[in-house]
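This report concerns only the one structure given below.
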């Protein structure tokens, strides 16, 4: 699981670090580390997330795009 996936899952579901760790079956320390990394490298992680959405859109029919952000 990537830092971007951890962060977006937490944001989308309004999860605390403790809830996210339990929900994603990750050690709490790993979730906290992901959040620290995101704070330090927000622009890079956000860019990677946008690129991931673009790649998914390229492989899906246009009707499926209604559920993708951005």
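Under the criterion of Cα pairs below 8 Å and six or more residues apart, the relative contact order for the chain equals 30 percent. Once the Cα atoms are used to define both axes, helix 3-13 deviates from the longest principal axis of the chain by about 90 degrees.
Against the set (i) 4.2; (ii) 5.3; (iii) 5.0, the structure's computed mean projected area of the Cα convex hull in nm² falls on (iii).
So what is the 222 nm mean residue ellipticity for the chain from helices alone, if each DSSP H run of at least 4 adds -39500 (n - 2.57) and you divide by all residues, rounding to the nearest 500 deg cm²/dmol? Don't jump to the answer; show the numbers that get you there.
Details: 4 runs with 50 residues, N = 70.
Mean residue ellipticity, 222 nm, calculated: -22500 deg cm²/dmol.
Residue ranges 34-40, 9-15 sort as 34-40, 9-15 when ordered by packing (mean number of other C-beta atoms within 10 Å per residue, highest first). Ranked for footprinting exposure by Cβ neighbours inside 10 Å, fewest first, 25, 46 give 25, 46.
Taken together, the values in this text are just the output of simple stated rules run on the coordinates, not laboratory data. Predicted, not measured: the structure shown is a model, and the values here were computed from it. No Cβ is skipped: glycine too gets one built from the backbone with ideal geometry, and neighbour counts run over all protein chains shown.
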